[in-house]
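Student: Here's a structure for you.
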Amino acid sequence: MEGFPLISVSMILPLLGVFVILLAKEELSKWIAVFFSGLVFGISLVSLFSFDFSRADRVQFEEKYALIPELNLSLHLGFDGLSYLMYILTTLVSLVAILWSTRDHQISHRLKEYYAWFLLTETFLVGVFASLDLMVFYVFYELTLVPMFFVIGIWGYKLRLYSAYKFFIYIFVSSLFLLLGIVSLAVQHYRQFGKFSFNYFDLINNQYDFTFELFMFLLFLIAFAVKTPIVPFHTWLPDAHGEAPTAGSVVLAAVLLKMGTYALLRFNIGLFPIASVYLMPIMVLWGILTIVFASWFTISQSNVKRFVAYSSVSHMGFVVGGMFLLNAEGLRASITEMFAHGLTSSALFMMAGFIYNRLHSFNMQALRGSIKFMPLFAVLVAITGFSSMGLPGGSSFWGKFLTIVGAREYTLLLAFLVVVGAFFSAVYVLYLLKTLYLDTKEESRLVHFTDLRGFKLSAFLLVVIPMLMVGFLPFLFFAFYDPYIDSLLEYLVLRVMGG
Amino acid sequence: MEQLISIELPRLSLVLPELVVLLTGFVLFSLDLIYKRINHALAISVSLVGYLLALLLLVFNWGMEGETFYGLYKRDSFSSLMQAFMLLLTMSLLGFNYLYYKSKKSLYGEFYYILSFALIGGMFLVSSYNLIVLYVALEAVSIAFYILTALLRSDFNSKEGAFKYLILGGLSIALASYGAGFMYLYSGSLDLRYILTHVGENQYFLVLGLVLFLIGFAIKIGAVPFHFWLPDAYQGAPTPITAYMASFGKLAFFAPVVRLMPLVQEHFAYAWITTVAIISALTMLYGNLTALVQKDVKRLLAYSSIAHSGYILAGISVAEVIGLKAVIYFLLAYSLMGFGSFMVLALLERVPGWENKLEQFSGMRFSAPWLAFSFMVMLLALLGIPPTVGFVGKALVFMSLSFERLWWLALVMIIATGISTGYYLRITVLMFMKEQTNSLNLSVSQVEKFLILLFSLALVLLGAVPIILWSFVSPSAENLFMR
């Protein structure tokens, strides 16, 4: 695979799929989508063999095409360990979402458009994680809004229009701050080096005076805090997730939220080290507060999709809190949790969708005991639930455990706060599992329930297996980003001490 | 003064495209006189041939630069770029007008030559520093626009809009010429370059003159608080003409202000930045807020046009070369977006019972998918979603604001854009996510369909590969700054 343009191929293949779908017959579109997303996933798996894990802090699979030479604006693509992991998550989740949609009752009209939007999302997401040029990053970051806007607005549930508006406006407006931040960095580069640049590796050399750096940090933070989301900027999320079709929620929760946390790590910490260190306590506490508040909100939900959505917010609290501990354990926890949450949230949303297809209700009370006659489904949901809760062996365990370790490096009190957060996040998962398994319901309706089969089963397995892998073989995943974390910390020390 | 004595032969090669357009106008005029009722196919082909010839002359002499008529007329890359766009827009307009006017039963031969006089006025407006030339060219464009606005003879709104436009347009020209008078009084010259670099007594004459002159242009471009005519004129005018006023008109009326920017930067930078920034902020906010509550889509787009004047003014407030680049890019971008979006309305107006009401767009995706899709692209471009030209324009304006550290204006722009999300999205939602309420009985010619799709494609293509437009914009902006 030496010299193989992995990234552009992964971006062009889904686009090709879109064209084929537009030309093909309506009924065929789902299989075309499955084929192309499967192909991209296959390529991403094969590419694992050519990724050099020992140099995961370096950019690999690099590609560069000039866009505006005068402004040093180029389509500069490449993966280091962190973005490569996100790329694999993207291709995996895209395939899962499309596989799931083929058997979703909600998706019965305008199939061509539906699958075209999903394939487009995949292209844009790969673009987001692969961009090493901030302007190009922004372009893809914004572009992911459009397909999701349509997916929520056309195939969503009752309040779909309201949610679609809210989703779009929240993210669009907040990312305008990001745009202002990005161009300001380019201008700053011009002031210092005499030429504009949007390239990440150029901008990293910028020097700022302290207030300006703080200001820039805040501009970026507004966008990513909304996208991530951190309480109190989260209110778009339950609406968007609650009303989106299952596959839409899956992609939203699993990958779109990761754009925010990924960007916080890469851009906020990477570009503004001094401001990051300065704001560290606030950000960590903010993360913990997000965990606690979001957990409370979660338990009070009566709609199971909104329940899962709020639980996503609380997981994001771990990601943000862990990240801003700014030590090796915290960062490792944060990235692991990003990946783990991508898997568990996908599975939980699929669970909600699966039950909805049978019961036609998202009401928590209506779900009582609903998995009684679906043993396979019950097992998979249990694995997911425990993983998400942070039970050892599950994927989120490492995220939570390492956050506590990372926090302990500072003070015992901080670690204690994280533990409290983890406790609250366990509470709602247990509540969900209790409702699904232990509460009873008249059995006459449940007897007719059929278990997971075929495409839905494969979609589930595609996320549950990696979930267990993260839990039991975490070192496989640490290998992606350990070198990255080391070099980031080295760079932070250098900048903070040197500056 | 020596300059006046020496005899200079006019370098007609510099004004060849203009001469061709002028000639086309006269040919059309004569044809209309000879045949009492002109054959429209003939008129359209004569115009097209003339404009195409002018365009080719421009394109093949792209690098042409220089002054002629004793400095009354200047050709540089900026004027060539603007004129090329003006010609393209005018030619596209010809593809739309016939069926539109036919359906409105208002087909007149005057249309063609008035259009070419508007074009010639615009072409002169973008390529002179001389106050007299600017004045005459401004009048040529304006008078043509008054007539074109009123050209739906049986329609009350059309006449009302034209009347309002005439009154306020007359005011603006009066103010501009009054301002020109003060500037002449100050410097004894009619050349803006000389006036603004001249150091003389009574500096307040200059300031007063410049302010009045600029207010004249502010009225023309619909900057708040001089915008009152614009929504009515835009709504009343025949829709293809609205499109033309929004696109061609913006190019023509902004061009002299753009030419002023480099001169102002040296002498009035501070006052300029503050004043223009405040006007820009008001324009953005007012345009978007008012557009948000409109029920009539044509009026909504008219307010959106005001808002876009505000975005462009935000770039103009930064009197630096980066601001100039942003402005030129955004001007060209808006000329495409504005033209395309009003043209969509022009097509729809041929549907029986169509009144441009918001709810009539419901479910358009089902009855006219290609039109709905193109309109969506245009709306998203107006909103500034990447990768469209609108996005690149906004990013460049942000960049220039950041360059000048005008953070508050950037914040206003973010808020204004946020507000605009509401109405652009509403139309998109209606078209794609609502059930169809009425069936659209749309009859469109192949040319019109092709042009609409071409415009929406261009919006995406020029935004996704910004270098295409940028490689014209950047040198011409730098050229303006070099003297």
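Student: Could you give the radius of gyration (one decimal) and Dmax (whole number) of the Cα atoms in chain A, in Å?
Tutor: Expressed in Å, the Cα Rg and Dmax of chain A come to 21.6, 75.
Student: Under the definition of Cα pairs under 8 Å and six or more residues apart, what whole-number percent is the relative contact order of chain A?
Tutor: Numbers: 880 pairs, mean separation 78.9, N = 499.
That works out to 16 percent.
Student: Might you tell me the accessible area per residue for the range B:238-359, computed with a 1.4 Å probe and given in Å²? Display every interim value, and only then the final one.
Tutor: Working: 2450 Å² over 122 residues.
So the range B:238-359 comes to 20 Å² accessible per residue, rounded to a whole number.
Student: Continuing with the same structure: Restricting to Cα pairs below 8 Å that are 6+ residues apart, what does the relative contact order work out to for the range B:25-107? Please round to a whole percent.
Tutor: 24
Student: Right, something else. Nearest 0.05, what FRET efficiency do B:Thr275 and B:Leu411 give at R0 = 22 Å with Cβ-Cβ as r?
Tutor: On the way: r = 19 Å, r/R0 = 0.84.
FRET efficiency, B:Thr275 to B:Leu411: 0.75.
Student: When the accessible area of chain B is split by element with a 1.4 Å probe, what percent falls to carbon and sulfur? Spell out each step's value before the answer.
Tutor: On the way: 11650 of 16910 Å².
Percent of accessible area from carbon and sulfur atoms in chain B: 69.
Student: With all protein chains present and a 1.4 Å probe, how do A:Thr411, B:Thr421 order by accessible area, largest first?
Tutor: Numbers: A:Thr411 70, B:Thr421 0 Å².
Accessible-area ranking of A:Thr411, B:Thr421, largest first: A:Thr411, B:Thr421.
Student: In whole percent, how big is the carbon plus sulfur part of the accessible area of chain A, probe 1.4 Å, protein atoms only? Kindly include the intermediate steps, with their values, before the conclusion.
Tutor: Working: 11390 of 16200 Å².
Result for chain A: 70 percent of the exposed heavy-atom area is carbon or sulfur.
Student: Angle, helix B:16-34 long axis vs. longest principal axis of chain B, Cα atoms, 0 to 90°, nearest 10?
Tutor: For B:16-34 against chain B, the angle is about 50 degrees.
Student: Probe radius 1.4 Å, ligands and nucleic acids left out: which of B:Glu65, B:Glu349, A:Glu142 has the largest accessible area, and how do the rest follow?
Tutor: Working: B:Glu65 90, B:Glu349 25, A:Glu142 0 Å².
Of B:Glu65, B:Glu349, A:Glu142, the descending order of accessible area is B:Glu65, B:Glu349, A:Glu142.
Student: Need one number: convex hull volume per residue for the range B:257-377, Cα atoms only, in Å³. Show your work: numbers first, answer last.
Tutor: Working: hull volume 11.2 nm³, N = 121.
Taking the convex hull of the Cα positions in the range B:257-377, it is 93 Å³ per residue.
Student: Measure nothing but the geometry: give the 0 to 90° angle between the long axis through the Cα atoms of B:321-348 and the longest principal axis through the Cα atoms of chain B, rounded to 10°.
Tutor: 30
Student: Same structure again: Roughly how many nanometres apart are two label points built 7 Å out from the Cα toward the Cβ at B:Ala464 and A:Asp52?
Tutor: Placing both labels 7 Å beyond Cα along the Cβ direction yields 3.3 nm.
Student: Further question on the same structure: Among the aspartates and glutamates, which have Cα under 14 Å from the Cα of B:Lys394 when same-chain residues fewer than 8 positions away are ignored?
Tutor: Leaving aside aspartates and glutamates fewer than 8 places away in the same chain, those within reach of B:Lys394 are A:Glu142.
Student: Cut-off under 17 Å on the C-alpha distance; same-chain residues fewer than 8 positions from B:Lys164 excluded. Which lysines are left, in chain and number order?
Tutor: Answer for B:Lys164, where 17 Å is the Cα cut-off: B:Lys220, listed by chain and number.
Student: Give the separation of the Cα centroids, the range A:141-192 to the range B:126-165, in Å.
Tutor: A separation of 40 Å, based on Cα centres.
Student: I would also like to ask the following. List, in order, the whole-Hz ³J(HN,Hα) value for each residue of the range A:353-365 obtained from phi through the Karplus relation with A = 6.51, B = -1.76, C = 1.60 and θ = phi - 60°; use x for Gly and Pro.
Tutor: x, 5, 5, 4, 4, 9, 9, 6, 7, 9, 5, 4, 5
Student: Which order do A:Arg408, A:Arg160, B:Arg193 take by accessible area at a 1.4 Å probe, largest first? Numbers along the way, then the final one.
Tutor: Details: A:Arg408 125, A:Arg160 75, B:Arg193 40 Å².
Heavy-atom accessible area, descending, gives A:Arg408, A:Arg160, B:Arg193.
Student: Please give the per residue accessible area of the range B:51-101, computed with a probe of 1.4 Å over protein heavy atoms only, in Å².
Tutor: Working: 1660 Å² over 51 residues.
For the range B:51-101, the solvent-accessible area averages 33 Å² per residue.
Student: Any chance you could give the angle, 0 to 90 degrees and rounded to 10, that helix A:395-408 forms with the longest Cα principal axis of chain A?
Tutor: Relative to chain A, helix A:395-408 is tipped by roughly 40 degrees.
Student: What spacing in nm lies between the two simple spin-label points modelled at B:Phe450 and A:Arg453, each 7 Å away from Cα in the Cβ direction?
Tutor: 5.4
Student: Mind checking which lysines have their Cα closer than 24 Å to the Cα of A:Lys372? Skip sequence neighbours fewer than 8 apart in that chain.
Tutor: A:Lys305, A:Lys434, A:Lys441, A:Lys456
Student: Nearest 100 Å² is fine: what is the total accessible surface buried where chains A and B meet, probe 1.4 Å? Write out the running numbers ahead of the final one.
Tutor: Details: alone 17930 and 18650 Å², together 33110 Å².
Using a 1.4 Å probe, the pair buries roughly 3500 Å².
Student: What percentages, rounded to whole numbers, describe P(r) for the protein assembly as shown computed over all alpha carbon pairs with 10 Å bin width beginning at zero?
Tutor: Once binned at 10 Å, the Cα pair distances of the protein assembly as shown give 2, 11, 20, 22, 18, 13, 8, 4, 1, 0, 0.
Student: Then there's this: What accessible area per residue comes out for chain A, rounded to a whole number of Å², with a 1.4 Å probe?
Tutor: Value for chain A: 32 Å² per residue.
Student: Taking a threshold of 30 Å on the Cα-Cα distance, which of the pairs A:Lys166/B:Lys298; A:Lys64/A:Lys112; A:Lys30/A:Lys158 fall above it? Provide the component values of the computation, followed by the final result.
Tutor: Working: A:Lys166/B:Lys298 25 Å; A:Lys64/A:Lys112 32 Å; A:Lys30/A:Lys158 24 Å.
Over 30 Å apart, Cα to Cα: A:Lys64/A:Lys112.
The values are calculated or read from the model by the stated rules, or taken from the named source; none is laboratory data. Not measured: the values here are computed from a predicted model. All Cβ positions, glycine included, derive from the backbone under ideal geometry; neighbour counts span all protein chains shown. Ligands, DNA and RNA are stripped out before the accessible areas are found, and what is left, the full protein with its side chains, is counted by its heavy atoms. Shrake-Rupley method; radii C 1.70, N 1.55, O 1.52, S 1.80 Å.
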